[in-house]
Amino acid sequence: MMNYLKIQLILFALILLASAQWAEGKVLTQDTVWSGRVTLEEDILVPEGVTLTVLKGTIVNVELSDRSKTDPEYISSLTEITVRGRMKVEGDKVEKILFHVRGRDSHALWAGILVDGGTVNIVGARIENAESGIQVIKGLLKIKNSTVLNNRYGMVINKEARVFIDSTEVVENEFGIFELGGPKVSYRRAVVRENRKRDLYLYGSSLKRGIKARSKSNIFRKNNSACRIEHADLLKDYQLDDREIVKRYGEGVLLADTIWRGRVEISGLIRVPAHVRLIIMPGTVVEFRKKDTDGDGIGENGIMMQGVLIAKGTPDNPIIFRSAEKPRKMGDWGSINIMNSDGVQNLVEYVQIENAYRGLHFHFSNVLVNKSVLKNNYRAVQFQESAVEMRDNYLYYNKSGVKARDSEIIFTGNDVLNNNEGVNFFRTNLTAERNYILNNLSEGINIREGTTVVRNNYINCNRNGMRINDSFFGTFQNNVITNSSENGVSIRDSDNIDLSGNFIQHSSFNGVNLRSSGGTIQGNHISRNGERGIGIQSFSGTIIANSIAHNGLYAIENESSMDILAPMNWWGTRRVDKTIYDKFDNRERGMVIFSPAVKETDPYIWPMQTIETNTVWSGVIGVPKHVSVAKGKDLIIASGTKVVFNEGAGLKVHESRIIAKGKENNRIVFTSADKEPERLWDEILVEHAEGSVFTYCDFEYATWGIHSHFTNLKVQNSTFSFNDGGMRFRSGPIEISSSLFTGNRIGLRAFLANAVIKDSEFVNNETGIFIREKGSGVTIRNSNIYANSNFNIRVGDFNIENINAAGNWWGTEDPASTIFDGRQEPGVGKVLFEPFLLEKLPFTEEEKEAAEEKAEQAAANDEQRATSD
């Protein structure tokens, strides 16, 4: 009997083995069908023109891989199924197809099903244990009668996606559904609830019908208008298709120094051995025919350098590497490979590289990439074991910007924008400065291990601004990190981290997220993040001298059982204990030890020359040099803010807006760091800045407080004092009301202007108002203009028009004696001051109260006289 049972068990095991499939990591080159039990050991890529079909009853067991992937055709470092062709999952309500991790521990995940330009139709599936159960970067997804659960993200849907969700549950994930950038999503009988942190996250999307969520409080919506970012080409993009091809290559080896010029076509792999130089002249166009011998959709032709590459174009005559196919597509050719060339530095300058698998690819080499453009490649740049400088380049519309490991890197002045992934550095000695990392679908900067200095970078509108993992040392200083659709800075499993002097604002979740890490968080401005300024899972170190105010839920939430040291921070105007979530809210948490707290923050020194996105300044902001607001963006100055300018520094608002709305008891102050007449700051230049406004603002110790050109501008309830000039303007229309100009050399100067000045006071200036030219467009009324040492109003020598200034009070002297106009200088226009007021208009609060009391007393007297009569 026992032998019979053994035989039956062996036969059953053989049947199971016979029905199992092993889907090894590969690119599918033909239509493929999965059924039974499928073991997915590594990545699967379904390219264009290929269909993967998964039959009813199939179980896909994912074996986790711990290798560090570098292949550009894949998206995640985790095990993934990426679809650029078609995928059909053909289950039903009863017999669902299962995708999960076999033998999964509590933290291990696979990447999930990633739709990257393909079409995926899922019916009757259950998707578990993934970083993202389904992520649609672009392409079409239809999912019906399915369940997506126990993932970190149930679904992530990017803006270029079309998605139809029908009779499907997205439940018990950490996050339910993310819509990023306003994709086209249709819901029908969808259930999205019981997800631990958020059911729905709508970034640039609106809530749609056909979906059941747990409650509106578990739905997060945010407008992403600040993240509409366009690239500006560095180089002229010549097509040059009509030029004659001067040289054609197949497979070949360059045995002597070679110069390329004109138009070159390559139909193979060109090898350049050691000690040979390939020199490419300005204006050269190198085009690659597509050769795809293994049918994976990726071209193989390219250049293999072991000698030295000198590709030096110019701004007007760049060198171009691109596909020779029509139409040109990403991945049509392989790469410019530079291998074992670590002597003389290889040079790539004023070069445009597009349509490649890897635009530039280095191993054991010394390379400078300067002022070049890399676009529409699977990966723009990849290298390891190399010394690389990348300066002032543009990298955009690539699947991946830069991936580097085990290298020495100087990365400065580059624009990395509109890629799927920004830059990724692993075990590198990195210095990254003055880069713009903008609008990448996943991480802006991803750093793992290595020695790192990242400072003075603009990191805006990425899914995660900066992620730091497994690092033993790193300095991250003076970066502006804004509009991250998840977290601004995430630090995990790292130590000796210096995060200081950063401006972290408008992250949807946390400004800073800390997990199993240590270091110093100091001198940062962390404000207006959606949930927390700082979220802590576990942290050993000090959080000191930061401004952590005006964040959504809490300034700090301590989710760990450890006590957190957070002294000498500024927490805004609310009670500190109301802005912190710790042991006093949940006994299982540790404390946030915030005492002593400061009453006013030290100035946060703005680190950038340009404000590239909608930004709010609050607290105390130091401006060390001239700063400009980028076209179409808003700079909002919160009430109570003090903006402190260094000598000669200023602010330029051109074709953008500044909105500075203080309050009567919480004014905005624009002042000098020195407060000395000989060390003035420059000015706020407002030019073609429609919609700008200043209310309850104080301007002091400036060359000019406000300098306005061609702007419809309102200035209300503001004070200009101790400036060389209070305000100057040209054109308009300008409206100045209820404002005080005092102690200035010139209170106000108008030139070719259209302006109304009312209910204001000009006193104790050298010249109250100077009308330089075309004064007929200026009206001054209901104001006090007196006791200015030179003139109350001075009319310029080129102003031939009269100025309407009736209905004002001019002090106790004859108004004409306080004015320089055509009465003293023949041919100059006159100030028409009659009729004028005989009594001072109440201006200060004390004067207004006294006037009200006087009026009330007069009314009472009148009433008493009427009664007596």
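The values are calculated or read from the model by the stated rules, or taken from the named source; none is laboratory data. On a predicted model such as this, the values are computed, not experimentally measured, just so you know. Note that each Cβ is placed from the backbone with ideal geometry, even for glycine, and that neighbours are counted across all protein chains shown. With ligands, DNA and RNA removed, areas are computed over all heavy atoms of the protein, side chains included. Shrake-Rupley method; radii C 1.70, N 1.55, O 1.52, S 1.80 Å.
Of note:
- Taking every Cα-Cα distance in segment 451-513 and sorting them into 5 Å bins starting at zero, the pair-distance distribution P(r) comes out as 5, 21, 32, 24, 16, 2 percent.
- The long axis of helix 2-19 is offset from the longest Cα principal axis of the chain by roughly 50 degrees.
- For segment 671-785, the Cβ-based charge dipole about the Cα centre amounts to some 440 debye (Lys, Arg positive; Asp, Glu negative; other atoms uncharged).
- Partners for residue 663 among aspartates and glutamates (Cα-Cα distance below 14 Å; same-chain residues under 8 apart left out): 698
- Unit charges on C-beta of K, R, D, E only; dipole of segment 495-629, Debye: 300
- Å² of accessible area per residue within the chain, as computed with a 1.4 Å probe and no ligands counted: 41
- Segment 557-678, relative contact order [Cα under 8 Å, separation at least 6], %: 19
- Rounded to the nearest 10 square angstrom, residue 193 shows an accessible area of 100 square angstrom against a 1.4 Å probe.
- Principal axes of segment 737-869: Cα extent on each, largest first, Å: 60, 29, 26
- Computed label-point distance, nm, for sites residue 800 and residue 26 using a 7 Å Cα→Cβ extension: 8.9
- Relative intensity, log₁₀ I(q)/I(0), of segment 545-669 from a Debye sum that treats every alpha carbon as a point, q = 0.16 Å⁻¹: -0.85
- Segment 478-606 - percent relative contact order, Cα under 8 Å, separation 6 or more: 18
- Between 0 and 90 degrees, the angle of helix 845-868 with respect to the longest Cα principal axis of the chain falls at about 50 degrees.
- Computed FRET value (nearest 0.05) for residue 329 with residue 498, which takes r as the C-beta separation and R₀ as 60 Å: 0.85
- Scalar couplings 3J(HN,Hα) for segment 432-439, obtained by applying the Karplus form with A = 6.51, B = -1.76, C = 1.60 to θ = phi - 60°, are 10, 9, 6, 9, 10, 10, 10, 6 Hz; x denotes Gly and Pro.
- Inter-probe distance in nm under a simple model that places probes 7 Å from Cα toward Cβ, at residue 563 and residue 370: 5.6
- When only alpha carbons are used to place a centre, segment 544-569 and segment 70-100 end up 40 Å from one another.
- Percent of Cα pairs exceeding the 24 Å cut-off, where the set is segment 364-487: 14
- Using only alpha carbons, the chain has a radius of gyration to Kirkwood radius ratio (Rg to Rh) of 1.08.
- Whole-Hz couplings from phi, Karplus 6.51/-1.76/1.60, listed for segment 73-88; x for Gly and Pro: 6, 9, 9, 10, 7, 8, 5, 9, 10, 10, 10, 10, x, 10, 9, 10
- Extreme residue, positive dipole direction of the chain, given options 170, 648, 720 (C-beta unit charges): 170
- Largest to smallest accessible area among 674, 294 [probe 1.4 Å]: 294, 674
- Straight-line reach from residue 159: taking Cα to Cα under 20 Å and skipping same-chain neighbours fewer than 8 places apart, the aspartates and glutamates in range are 116, 131, 179, 199, 230, 421, 443, 486.
- Dipole magnitude of the chain about its Cα centre (Cβ charges: Lys, Arg +1; Asp, Glu -1), debye to nearest 20: 3000
- Binned Cα-Cα distance frequencies in segment 530-589 - 5 Å width, integer %: 4, 20, 31, 27, 15, 2
- In order along segment 349-364, phi translates into HN-Hα couplings of 9, 6, 10, 10, 10, 8, 6, 9, 6, 10, x, 10, 9, 10, 9, 6 Hz, rounded to whole numbers, per the Karplus curve 6.51 cos²θ - 1.76 cosθ + 1.60 with θ = phi - 60° and x for Gly and Pro.
- Pairs of alpha carbons in segment 291-398 separated by more than 19 Å make up 40% of all such pairs.
- Less than 5 angstrom separates the built amide H of residue 836 from those of 807, all sequence-distant by 5 or more or on a different chain.
- Order of exposure, largest accessible area first, which applies to 100, 525 with probe 1.4 Å: 100, 525
- For the chain, with +1 on Lys and Arg beta carbons and -1 on Asp and Glu, the positive-most of 390, 789, 819 along the dipole: 390
- Per-peptide packing, taken as the mean over residues of other Cβ atoms within 10 Å, places 484-491, 281-288, 320-327 in the sequence 484-491, 281-288, 320-327 from highest down.
- Once all protein chains are placed together, residue 585 keeps about 80 Å² accessible to a 1.4 angstrom probe.
- Mean ellipticity per residue at 222 nm, deg cm²/dmol - from DSSP H runs of n ≥ 4 across the chain, formula -39500 (n - 2.57): -1500 deg cm²/dmol
- Trypsin sites (Lys or Arg not before Pro) restricted to segment 586-615 and DSSP loop, no more than 11 other C-beta within 10 Å: 587, 599
- For residue 184, the amide hydrogen comes within under 5 Å of the amide hydrogens of 161, 163, counting only partners 5 or more places away or on other chains and with H modelled in the peptide plane.
- Once the chain from residue 317 to residue 344 is taken as fully extended at 0.36 nm per residue, the excess over their C-alpha distance is 7.3 nm.
- In terms of packing, defined here as the mean over residues of other Cβ atoms within 10 angstrom, the peptides 611-622, 653-664 line up highest first as 611-622, 653-664.
- With a threshold of 21 Å on the Cα-Cα distance, the over-threshold entries among 247/371; 714/758; 403/631; 96/144; 88/142; 758/830 are 247/371; 403/631.
- Proximal aspartates and glutamates to residue 56, defined as alpha-carbon separation beneath 15 angstrom and excluding residues fewer than eight positions away on the same chain: 90, 92, 95
- Under 5 Å between amide hydrogens, built in the peptide plane, is the criterion, and for residue 647 it picks out 673 among residues at least 5 positions away or on other chains.
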